[in-house]
Amino acid sequence: MKLALISIDGNGVYNLKHMPFLSELAEEGHYFVVDSIFPTLTDLVHTTVMTGVEPRIHWVVENGYYDRLSGVRVKFYEYEVAFNPHRVIKAPLIQDLLRQKGVRIASVSGYTMPPFSNVDVRIFPPFFSGDELYRKHGRDWKKDIWVLNSALYLYEECKPDLLLIHFASVDGMQHDHGPESKGALKAVETVDSAIRTLWERLKREYAFIIFADHGQEEVHTWVNLREYLKSHGIEVLRISSGGGVHVYLKDPNESEDAYLLLRRAPGVKAVFFREDLPHLNAPVSGDLIVSAKEGYWFCHHRECRGIKGKSYWVKGMHGSLNEKVLRVPLIIWGLDVKRDEATLYDIAPTILEFFGIQKRAEMKGISLI
Ligand SMILES: [Zn+2]
């Protein structure tokens, strides 16, 4: 038996009611509603799933990470990182362990996705070719037709033991149009029927693990925390963007003051000291980590001038701890699952167990089979 691992970026559990095929598969197999990992961001969650260890160990504490000592932002969107995942990821990927044992792996992803690299065969999106469709993360459901065709090609030509597939358009369309909008549902339906096509073709040889990294929530207002803190006399080195952000203070001794100020800031639901979030307690994390209130996101791009404003160009967001973002599906089909509860951390040990390989001690989860 072989295994297909499918990630549907941004596919919160609320989308399942719009996915007749995935619902069928969930009913026939094993269906868990699991929590994403805070801050609920694509790179952080995929790296966690593919290493099985906490972000404090693999260091991808947001989309990439920021190294405050060198002042360098390490991004997943760079050419060198896309093909050399361990320039960013400080823990072994499961494919590093599997390939040592002769397991053959192929992958295709809707964007650069370093955690899906280090495989035997990879079909890479024309991300660095200047093609607009691929430059923008997600943003178009047609891209997932390309992902489907690439996955079918990998199956037909390579018959890998482990096939990794990442669909990106549900996330992109939700950012642009909002979750459960007409545009987002077009992507949701496209991915649902793509998975049906894959399953029809592969079901005699493959078991399936299907998950999402996070959901999304509707947003109407952006807040610039850098400007907010500055207006109260506190300077920051950097703040990431999204629904859950790291705050790197120029002077870490001001973290108590910044904590109190941020708790009163517009759009803020929760503020944490890095030490209070053990899974994120890495040297590359911010001094403080902030989660947004429903309807808000934190923007530190050039277009967000002032302390807050109307988010007319971004309609959906993730990163926060809010329910809609946090709850994601984990569907397992074709495997003998022995447990009633699961987490995203269990995926790595399950895949290793499937191929008869012992998990590493640092891995947080337990095999589901
Ligand atoms: Zn996203």
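Flag: Val34 does not match the condition of being within 15 Å of the ligand (Cβ to nearest atom) and either of a type in the set (Val, Ile, Thr) or not in a strand (DSSP E or B) (or both).
Beta carbons closer than 9 Å, at least 6 apart along the sequence or on distinct chains, pair a first residue in the stretch 6-19 that is under 25 Å from Phe116 (Cα atoms) and in the same structural domain as Asp171 (by TED's automatic domain parsing) with a second that is assigned to a strand (DSSP E or B) and of a type in the set (Asp, Glu) for Gly12/Glu217. It is to be established whether one or more residues within the stretch 208-220 are more than 16 Å from the ligand (Cβ to nearest atom), surrounded by fewer than 17 Cβ atoms within 10 Å (Cβ to Cβ) and farther than 30 Å from Arg68 by Cα. Within the stretch 208-220 (the criterion being more than 16 Å from the ligand (Cβ to nearest atom), surrounded by fewer than 17 Cβ atoms within 10 Å (Cβ to Cβ) and farther than 30 Å from Arg68 by Cα), the answer is yes, since at least one residue qualifies.
Against the definition (within 24 Å of Pro55 (Cβ to Cβ), in contact with a strand residue (DSSP E or B) (Cβ under 6 Å, 6 or more places away or on another chain), away from the ligand (no atom under 16 Å from the Cβ) and part of a loop (DSSP other than H, G, I, E, B)), how does Ala282 come out, yes or no? The answer is no for Ala282.
Among all residues of the stretch 192-209, there is none that is under 24 Å from Leu41 (Cβ atoms) and part of a loop (DSSP other than H, G, I, E, B).
Restricting the stretch 153-205 to residues that are away from the ligand (no atom under 16 Å from the Cβ) and closer than 19 Å to Met317 by Cα leaves a set whose member that is surrounded by the fewest Cβ atoms within 10 Å (Cβ to Cβ) is Lys182. Would you say Pro115 is within 16 Å of the ligand (Cβ to nearest atom), touching a strand residue (DSSP E or B) at 6+ places or on another chain (Cβ under 7 Å) and either at pLDDT 95 or above or assigned to a loop (DSSP other than H, G, I, E, B) (or both)? Criteria not met by Pro115. Close contacts from the stretch 317-329, counting a first residue that is within 12 Å of the ligand (Cβ to nearest atom) and a second that is acidic (Asp, Glu), with Cβ to Cβ under 6 Å and a gap of 6+ residues or different chains, come to Val325/Glu217.
The values are calculated or read from the model by the stated rules, or taken from the named source; none is laboratory data. Every value quoted in this text rests on a predicted model; they were computed, and no experiment measured them. Virtual Cβ from ideal backbone geometry, glycine too; neighbours counted across all protein chains shown.
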